[in-house]
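One structure is given here, and the rest of the page talks about it.
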Amino acid sequence: MSVITKKQILEKIKKGEISFTPNLDVFQVQAHAIDLRLGFTFMIPKKWHLTPHGRESLDILNFDKVNNNYFDVVELEEGQHFDLLPGEYILVSTLESMKVPDSLMAVLYPRSSTNRKGLSLDLTGIIDSGYEGQLTLPIRNNTQSQVVRLYPGERLCQIVFETLSEPVQARKSKYHQTDIIEGIKRENGTESSLILNGKIRELKSEHKITLE
């Protein structure tokens, strides 16, 4: 397998082989990776529930990502943020829904800036060929006393595409479907200004990638 470069990624996007919804902006495309942005859905695991037997704990190992009874679901709007408490573990969605062709697979990595904020992105690994949909990512605040503020639209993780020796039959997945401000500002002033003011639509519309 070999990693494909920015030029190859953009060619495949232009041909419709790889797709992202909403479309990528210029800040997301790296030399050989794509940065994904944080979405608006935050799922906070519940610790217990009532059953016929009484108050029972909820085992996180048995969580079903599509079972909202196991989570408090927070849907933010543009301009809002989410304070992740010390030691807190949640699930978040990516802003982008993506499609991976049968000839490629992708590998997910946390961005180094995510780690520097005291966050761990607990699910890193393979995105199967043929996958379609948003990604659901477990994230934890590893600090002991610092609240980490998360902004929908900020770049959270990155994916690297790798070619397969031959196309494979896609396996259908059931999931198809702490000064953070300064950290964002150091990356790009224009981008951070739009994110911190909740202007995600403006970011995506005014900074579209030109596929030449």
Once the piece of chain linking Thr163 and Val147 is laid out straight, how much longer is it, given 0.36 nm per residue of separation minus the C-alpha distance between them?
1.8 nm
So how far apart, in nm, are the two label points at Arg201 and Leu85 if each is 7 Å from Cα heading toward Cβ?
3.4 nm
Apply 1/(1 + (r/R0)^6) to the Cβ-Cβ distance of Ile126 and Thr51, taking R0 = 45 Å, and write down the FRET efficiency to the nearest 0.05.
0.80
Rounded to the nearest 0.05, what FRET efficiency is calculated for Leu58 and Arg116 with R0 set to 35 Å and r the Cβ-Cβ distance?
0.65
Phi-based couplings in Hz for the stretch 91-102 (Karplus 6.51, -1.76, 1.60; Gly and Pro marked x):
10, 10, 9, 7, 5, 8, 9, 10, 10, 10, x, 5
Pairs from Lys12/Lys46; Lys7/Lys204; Lys47/Lys199; Lys47/Lys204 whose Cα-Cα separation, in the structure shown, is over 30 Å
Lys12/Lys46; Lys47/Lys199; Lys47/Lys204
Under-5 Å amide H pairs with Gly198, H placed in peptide plane, nonlocal only
Gly79
About its Cα centre, the stretch 77-140 carries a charge dipole, from +1 on Lys and Arg Cβ atoms and -1 on Asp and Glu Cβ atoms, whose size in debye to the nearest 20 is 340 debye
Length released on extending from Lys6 to Ala31, taking residue separation times 0.36 nm less the Cα-Cα span:
8.5 nm
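Rule-based calculations on the coordinates, nothing more; no lab input. This is a predicted model, so every value here is computed, not measured. Note that each Cβ is placed from the backbone with ideal geometry, even for glycine, and that neighbours are counted across all protein chains shown.
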